[in-house]
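Where a number appears in this text, it was derived from the coordinates with a stated rule and is not lab data. Source: prediction; values computed, not measured. Cβ placement follows ideal geometry from the backbone for every residue including glycine, while neighbour counts extend to all protein chains displayed.
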Amino acid sequence: MLDIFSALVLVVPIIIPIAEAYGVDLIHLGIIFLTNLQIGYCTPPVGLNLFLASYRFDKSIVTLYRATLPFLTLLLVTLVIITYFPVITLFLVNLWG
């Protein structure tokens, strides 16, 4: 249960050597990591984006969560595509390098 910035500072230095040992591209790992953190910001119990929207629009968390479920599903499908098809995410990197 970490904030995005805290997770970057604390977790990234731990997972980079492990990813390098398994031959994972670090740019691809960063994209996956940030996508996962964004999904975490949109889901309870720590979904900061939901709490901010609830306060701003004066709606209950449950109402907002139901409204965001289709988008959360889309984010999860996108995460699966990003994870298992690195060619898509690394296309521009491979084009220039």
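Numbers at a glance
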| quantity | calculated |
| --- | --- |
| Residue pairs meeting the criteria (Cβ under 9 Å; at least 6 apart or on separate chains; first without any contact (Cβ under 8 Å) to a residue 24 or more places away in the chain, in region 54-79; second of a type in the set (Val, Ile, Thr)) | Ser54/Ile61; Ser54/Thr63; Tyr65/Thr43 |
| Members of region 40-75 that are in a loop (DSSP other than H, G, I, E, B) and farther than 19 Å from Asp3 by Cα | Asp58, Lys59, Ser60 |
| Positions within region 5-26 being in a helix (DSSP H, G or I) and surrounded by 14 or more Cβ atoms within 10 Å (Cβ to Cβ), in sequence order | Ala7, Leu8, Val12, Ile16, Ala19 |
| Tally of residues being farther than 22 Å from Tyr41 by Cα, surrounded by 11 or more Cβ atoms within 10 Å (Cβ to Cβ) and of a type in the set (Val, Ile, Thr) across region 69-87 | 0 |
